[in-house]
Amino acid sequence: MKKHLIVLAAPLMLAACAGESIWAPDEAINAYSYVHDGPPTLTLMTVINNHSGSSGHTGLMINASERVIWDPAGTFELPQAPERNDVHYGITPELFAVYVDYHARDAWHTVIQQIEVTPEVAELALREVEAYGAVPKSYCSNSTSEILGRLPGFEGFPRHLFPKQTMKSFAKLPNVTTETVYEFDDEDSKVLVQLTTN
């Protein structure tokens, strides 16, 4: 009897470990798909609490044959950025700004780190996030750092549970540019910290 209970419970346990699956239809993806004319890049976004300094979220923008944002276990939603299992398509410069604004507010700021990669690495990153599946809550950093570690040139990238750790490891990569965005709702203002390069 115990064996039968274990077998029956296994799918429930696996389901509890999975994120919420969202699958936009082909029409939405095709309507909003966006190709950015900039170089192939990976852009890590880390949301940090202004008061405690603790980190709250990790996201990754990939500029490959199209530009997407991997927002694992995130809450960002917009019809113009249709989602398939945490991958948001159609990331124009305007929508990227909306994504940053969504996270940077009175209590939080966003650190944006960008690195140029080869077209092959960018395309592999795109395929990796598309194949990963929906991520459960609190695993945004874990899943992102796991994906980075699979990419050529990122071998040995450590897997981190906490976004700030992933941010620090990303900062050690060569030629990373970094900017920090603060927004204050009451003043309707934005502060952009000067770009720095490793």
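The values are calculated or read from the model by the stated rules, or taken from the named source; none is laboratory data. Remember, predicted model here, so these are calculated numbers, not experimental data. Every residue, glycine among them, receives a Cβ derived from its backbone with ideal geometry; neighbour counts consider all protein chains shown. Areas reflect the complete protein model, heavy atoms only, side chains present, ligands, DNA and RNA absent. Shrake-Rupley method; radii C 1.70, N 1.55, O 1.52, S 1.80 Å.
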Inset, instruction - Mind grabbing the accessible area of residue 37 for me, 1.4 Å probe, Å², rounded to tens? - result: 150
Inset, instruction - Could you tell me which GluC sites (Glu not before Pro) in segment 47-154 are loop residues by DSSP with no more than 12 other beta carbons within 10 angstrom of their beta carbon? - result: 77
Legend entry - Estimated D of segment 6-137 in µm² per second, where Rh is the Kirkwood radius over Cα pairs and Stokes-Einstein applies at 4 °C, 1.567 mPa s: 83
Legend entry - Overall form of segment 112-168 per C-alpha gyration tensor (a/c, 1.5; a/b vs b/c): oblate
Legend entry - Normalised per residue, the volume of the convex hull around the Cα set of segment 80-195 (Å³): 124
Legend entry - Residues with amide H under 5 Å from that of residue 117, placed H, sequence gap 5 or more: 41, 42
Legend entry - Per residue convex hull volume, Cα atoms of segment 17-78, in Å³: 131
Inset, instruction - May I ask you to rank 76, 162, 184 by accessible area, largest first, using a 1.4 Å probe over the protein chains only? - result: 162, 184, 76
Inset, instruction - In nm, give the distance between the simple-model label positions of residue 23 and residue 50, each being 7 Å from the Cα along the Cα-to-Cβ direction. - result: 4.1
